[in-house]
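Please read the structure below before turning to the comments.
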Amino acid sequence: MPERRNYIVRQCMDQSKYESDRSKNCLIESSISDHVKNEPCWLGIDEAGRGPVLGPMVYGTCYSPISDKERFSDLKFADSKVLSEEQRESIFSKMNESLDILGWMVEILSPAYISKSMLRRYKYNLNALSHDCAIGLIKRVLERGVNVTEVYVDTVGDPTKYQTKLKEIFPNIDVTVSKKADSLFPIVSAASICAKVARDQAVKNWVFMEQISLEEPDYGSGYPGDPKTKKFLEQSFDKVFGFPSFVRFSWSTASLIMDKDGVAVRWEDDDEDDASSQGTPALSHFFKKKDSKPELTRHRFFSHRQLTHVTSI
């Protein structure tokens with residue numbers, strides 16, 4: 001994000017290190033006034049960058065005293081998707097000049113983290129990831145001492161189930177989960193602007209650890225159908241190493257390119273079948289399950305005396 005006063009980067013590494021390593025998640029938040037700690041507050045949550053194959057997904061939250069709703073509305077918030085980048089930046093600047101009546105927090109989820117989550121052995125899908133991120137933001141705001149009494153969330157998945165889930169976790173807070181919440185509730189619109197500004201800056205100022213050079217640094221919207229995004233994917237793809245960490249390689253758009261144009265890799269486990277066909281036992285041979293009904297071994301007392309079972313007399 002651009003250099004501004006009144007915000008803090010909280011993460012496992014310092015801000016300068018994050019500027020050169022975008023493979024980690026990052027939490028950025030405003031300063032918090034005593035006013036929002038002492039007054040009952042409403043809080044909104046929204047995300048930016050859920051669908052693109054490029055760049056991070058960002059979850060944002062904004063909170064403000066309920067008693068200041070009129071002053072809050074004077075900032076003229078709107079759904080970030082209907083605003084230009086310049087308009088979002090302008091509103092975000094006004095927000096940072098009004099920290100006596102509001103606070104904000106964003107979590108930037110790196111493309112690498114998203115891909116690893118979705119491709120791990122026990123699937124962690126995007127909906128679950130989104131829910132956990134939203135829950136984490138609410139918990140962090142409460143930990144900072146903000147007196148949150150109302151929460152408004154733009155839904156991910158079924159709104160009724162999502163609302164029930166949040167209500168079970170936060171029983172003392174009035175929770176509202178709704179479709180199009182970013183256009184219905186100004187506090188969610190504000191969260192949407194925070195998330196979109198953070199994502200825009202992260203994408204625009206992305207630092208490639210792979211040190212790749214591009215003919216055109218414009219990646220487009222990041223959505224698979226965008227011609228500029230397609231061109232970037234073609235230019236940045238390496239047949240051996242795949243895509244840079246800027247790309248969500250768990251997306252089907254990226255995986256199809258890797259399957260089609262990438263160099264096939266043969267792992268040691270792939271040799272097991274070949275070894276078996278040549279008479280050499282495969283490694284898995286030694287770990288086969290035993291027969292559920294193994295053949296009974298006769299005691300030597302019977303075998304030494306050549307005694308056998310008699311079926312008839």
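The values are calculated or read from the model by the stated rules, or taken from the named source; none is laboratory data. The structure presented is a predicted model; accordingly, all values stated were derived computationally and were not measured. Please note: Cβ atoms are built from the backbone with ideal geometry, for glycine as well, and neighbour counts cover all protein chains shown. These accessible areas exclude ligands, DNA and RNA; they are computed on the full protein's heavy atoms, side chains included. Shrake-Rupley method; radii C 1.70, N 1.55, O 1.52, S 1.80 Å.
Taking a 23 Å limit on the Cα-Cα distance, which of the listed pairs Lys24/Lys230; Lys69/Lys94; Lys204/Lys228; Lys24/Lys139; Lys37/Lys179; Lys116/Lys260 fall beyond it?
Among Lys24/Lys230; Lys69/Lys94; Lys204/Lys228; Lys24/Lys139; Lys37/Lys179; Lys116/Lys260, the Cα-Cα distance tops 23 Å for Lys24/Lys230; Lys37/Lys179.
So what's the net charge close to Val151: Lys and Arg +1, Asp and Glu -1, counting the other residues with Cβ under 11 Å from its Cβ?
-1
Which order do Thr61, Thr149 take when ranked by solvent-accessible area (1.4 Å probe, heavy atoms of all protein chains), largest first?
Putting Thr61, Thr149 in descending order of accessible area: Thr149, Thr61.
Among residues other than Val36 whose Cβ falls under 10 Å from its Cβ, what is the net charge (Lys/Arg +1, Asp/Glu -1)?
Local charge sum for Val36: -2.
Measuring from label point to label point, each 7 Å out along Cα→Cβ, what is the Lys161 to Gln211 span in nm?
Between Lys161 and Gln211, the label points sit 4.8 nm apart.
Determine the order of Lys228, Lys81, Lys204 by accessible area, beginning with the largest, at a probe radius of 1.4 Å.
Lys81, Lys204, Lys228
What net charge do the residues around Ser98 carry, taking every other residue with its C-beta under 11 Å from that of Ser98, with Lys and Arg at +1 and Asp and Glu at -1?
Charge balance near Ser98 sits at -2.
Using a simple spin-label model with points 7 Å from Cα along the Cα→Cβ vector, what separation in nm is obtained for Leu307 and Arg120?
My value for the distance between the label points is 6.0 nm.
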